[in-house]
1. Stretch PHE20-CYS32 to full length: gain in nm at 0.36 nm per residue minus the Cα-Cα span?
2. Could you run the Debye sum over the Cα atoms of the chain, one equal point scatterer each and no solvent, and tell me log10 of I(q)/I(0) at q = 0.09, 0.12, 0.20 Å⁻¹, two decimals?
3. With a ≥ b ≥ c taken as the square roots of the eigenvalues of the C-alpha gyration tensor of segment 86-164, please select rounded if a/c is under 1.5 and otherwise prolate if a/b is larger than b/c or oblate if it is not?
4. Under 10 Å from the Cβ of SER114, count the other residues' Cβ atoms, weight Lys and Arg +1, Asp and Glu -1, and hand me the total.
5. Mind checking which lysines have their C-alpha under 25 Å from LYS97, skipping anything on the same chain fewer than 8 residues away?
6. To the nearest 0.05, how large is the calculated FRET efficiency for GLU40 and SER78 if R₀ is 22 Å and r is the Cβ-Cβ distance?
7. Check each of the trypsin sites (Lys or Arg not before Pro) in segment 105-160 and keep only those in coil by DSSP with at most 13 other C-beta atoms within 10 angstrom; list them in order.
Amino acid sequence: MVIGYTVYAPMNYTNDAGEFVGFDTEFAKAVCEKLGVEPEFVEINWDTKEVELEAKKIDCIWNGFTITEEREENLDFSIPYILNKQVVVIRKADVEKYKDTASLAAANLVAETSSAGESAIKDDENLSKANYTAVAKQTDALLEVKSKAADAAVLDYTLANSMVG
């Protein structure tokens, strides 16, 4: 089974020993073992995930894929096994400056292209007013904030919690 993923700790990532691990990785391996098939993990561009599926370059996506009504019209989903949410990550030094989404309306925001974070920015009355830049990966969004290229990143709670606590 060809499994599409993006690097997304703690779900799919390479540890310090060079081993491909994570919750989704281990879960996928266990399901493949039960099915009697070998998993083949292929890193994909998150922006083209649905194209990869339609072109049959991958058999499934096993990686923080938010279920929406639009996606349910074209794709089949498993029963959700993780309830995630979107969070805003800022630098510790900016805690007093950014206390709520209204204070972020004039900020420089980043999120992964075609992600739930990007949708959260576009759908929020305040965040949608901010200067938004899309990046290739959620981890890139965190690097943008760390380097001060962006004021805040909108991304999955599970990743934010594992990367910045």
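Bear in mind that the values in this text are calculations on the coordinates, not laboratory data. It should be emphasised that the depicted structure is a prediction, and the values quoted were computed from it without experimental measurement. Methodologically, a virtual Cβ is constructed for each residue, glycine included, from the backbone with ideal geometry; neighbour enumeration extends over all protein chains shown.
1. Taking PHE20 through CYS32 to full extension adds about 2.8 nm, to one decimal.
2. Debye curve over Cα of the chain, log10 I(q)/I(0) at q = 0.09, 0.12, 0.20 Å⁻¹: -0.33, -0.57, -1.33.
3. It is rounded, given that a/c, with a ≥ b ≥ c, falls under 1.5.
4. So the surrounding residues net to -3.
5. Partners within reach: LYS85, LYS122, LYS129, LYS146, LYS148.
6. Working: r = 19 Å, r/R0 = 0.85.
Efficiency computed from Cβ-Cβ geometry: 0.75.
7. LYS148
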